[in-house]
Ligand code: FPP
């Protein structure tokens, strides 16, 4: 896939020619960041949410059109209740705040099964998605109660229903059909996945969409991740020879 260049605000001089169109961030290391300081884990998430805001703004400044953040996985419900509540409250704050700090032109999409969230949060999410649906400059995707396998299973159920209803022939099902039923169906495949905190795993994030992604790992913990760190990842990305199966 050709990567289009829409750099702006000084990124033209500072950053390489080929920037990714879609970056996925696994926001890992919040708990360790807090532990190192003798603070409760929830403090780490609060700091992580601040980093999130800085990185979103920076991506917008340099003209990255699609960004995805792994904020809460289908497995994260197993965490202590107070930690889960603290993260949910950060989502609430974010949804209220986001209208102020990211001015128009950013579309917000949530990836995952939001039907398991509190009703007030579901409503806020639906409103935000609706109110931003026509914005085109950047698309920000927030994965909440998200798992890549659950996403593919969900797509499969919907495709099976279409076949059952006579709206789709089995022989017509191809990769594009599956893609059309993913939460990310309006975005291009992810080009670059960034995971801080020294873990070298995908952890069920965008597993279909990352088939040809490049990976960037760093020991920096997510609350310490800065636009400078992102620049390093972008420079590294630009040096990788992406062949998509060709030669
Ligand atoms: C992983 O770090 C982080 C999470 C499971 C939660 C991420 C959530 C946020 C950054 C806040 C979300 C809110 C907004 C508004 C973006 P970890 O807790 O597993 O860290 P550890 O591996 O060091 O324990």
Exactly one of these conditions fails for residue 141: (1) within 22 Å of residue 204 (Cβ to Cβ); (2) more than 14 Å from the chain's Cα centre (by Cα); (3) away from the ligand (no atom under 11 Å from the Cβ). Give me its number. (2)
Go through region 203-217 residue by residue and tally those that are within 14 Å of the ligand (Cβ to nearest atom) and on the phi < 0 side of the Ramachandran plot. 2
How about region 20-126: which strands (runs of 3 or more DSSP E) wholly inside it have at least 3 residues that are within 26 Å of residue 216 (Cα to Cα) and near the ligand (Cβ under 9 Å from one of its atoms)? 66-73
Given 24, 48, which one is within 16 Å of the chain's Cα centre (by Cα) and closer than 21 Å to residue 136 by Cβ? 24
Among the residues of region 201-231 satisfying the criterion of being without any contact (Cβ under 8 Å) to a residue 24 or more places away in the chain and either more than 26 Å from residue 36 (Cα to Cα) or under 12 Å from the mean Cα position of the chain (by Cα) (or both), which is surrounded by the fewest Cβ atoms within 10 Å (Cβ to Cβ)? 211
So, residue 149, is that one more than 16 Å from the ligand (Cβ to nearest atom), more than 14 Å from the chain's Cα centre (by Cα), closer than 19 Å to residue 202 by Cα and assigned to a helix (DSSP H, G or I) or not? yes
Please go through (1) touching a helix residue (DSSP H, G or I) at 6+ places or on another chain (Cβ under 8 Å); (2) touching a residue at least 24 places away in the same chain (Cβ under 8 Å); (3) part of a loop (DSSP other than H, G, I, E, B) for residue 198 and return the number of the only condition it doesn't satisfy. (1)
Taking region 82-120 and keeping residues over 26 Å from residue 181 (Cα atoms), in contact (Cβ under 8 Å) with a residue 40 or more places away in the chain and surrounded by 15 or more Cβ atoms within 10 Å (Cβ to Cβ) leaves 83, 86, 87, 90, 94, 102
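Where a number appears in this text, it was derived from the coordinates with a stated rule and is not lab data. Since the structure is predicted, the reported quantities are computational estimates derived from the model, not experimental observations. So basically every Cβ, Gly included, is an ideal-geometry build from the backbone, and we count neighbours across all protein chains shown.
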